[in-house]
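Shown next, in structure tokens, is the structure this report addresses.
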Amino acid sequence: MKALIVTALLILIIGNIGAVDIESYQFIDHLRDVTQPRRPEIFDDGVLFTASSSLQRVGISFAHEDYARVHWFQRFMIPRDTAELMVNGRLDPRIDPYVDSGIMFHIEPIPIGLKNMDYRLIIDGLWTTDPTNPNRASGPSGVVSSRFPLPERPVTAATPTAPGTYSFSYRTAPGETVTVGGSFNNWDPFMYELRETSPGSYSLSLPLSPGTFQYVFFHRGEQVADPATRKLYLPSGRIISEATVF
């Protein structure tokens, strides 16, 4: 049942959500935990903004785009359990198959080198600052905007991988268990566990034979394709990743 719910949620948020993988179970699970609007927050390589779905329409515009574009928030709808749609053993078409989660959202990719993300909201046709964010900044024209300070993003040099090895990496919440399996170990989900090298960052290097192979990560009981490599869409609907060892 959880797989069906996740699939339905993916269909509902299939629009452009920037730096976050639209097939990420982590992102969907995170949205399901947001029960009411809250201050902007970092999620992966983006900033997540939320608003109440009781509003008719919410948009956001950014200083780093010279306020030239409005990004409209998307409503996050949760599918009902199948049992809730049944009447006398049959699906009742009069019952709405989705429930309003209570929020709308937008996620904005973090531009390289940006220290502060300044923005304004347009709520039901009126420009305003973000009521969930007390930080303010005044632009050159004197217009007051909301400000979200961005954390410094360390620049790391690429580490060469020895011939005949492949380095897997995965990002999620700290303290999680993440494993990897694929065509190199008969898709065993327990054999290889990634190590948390820094809070929320997991990695593992494996000696693999040269050539192309397929794999997925295993996280919270779900199979997750790697957003950093090429995806393969199988006839069964399963999504896997493919990479090459040189």
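Numbers at a glance
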| quantity | calculated |
| --- | --- |
| Fewest-first sequence of 108, 176 by Cβ atoms within 10 Å of each Cβ | 176, 108 |
| Label-point separation in nm, residue 232 to residue 95, each point 7 Å along Cα→Cβ | 4.0 nm |
| Low-density loop cleavage sites - GluC sites (Glu not before Pro) in region 36-90, where at most 14 other Cβ are within 10 Å (DSSP) | none |
| Additional length obtainable on full extension of the chain from residue 185 to residue 112, 0.36 nm per residue less Cα span | 22.5 nm |
| Taking only Cα atoms of region 59-145, radius of gyration then Dmax in Å | 19.4, 64 |
| Scattering curve values for region 165-245, log₁₀ I(q)/I(0), Debye with Cα scatterers, q = 0.16, 0.21 Å⁻¹ | -0.56, -0.97 |
| Gyration tensor over alpha-carbon atoms, region 19-112, equivalent ellipsoid semi-axes in Å | 32, 15, 11 |
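We did not get these values from a lab; they are worked out from the coordinates using the rules stated. Remember, predicted model here, so these are calculated numbers, not experimental data. Positions of Cβ are backbone-derived with ideal geometry, glycine not excepted, and every protein chain shown enters the neighbour counts.
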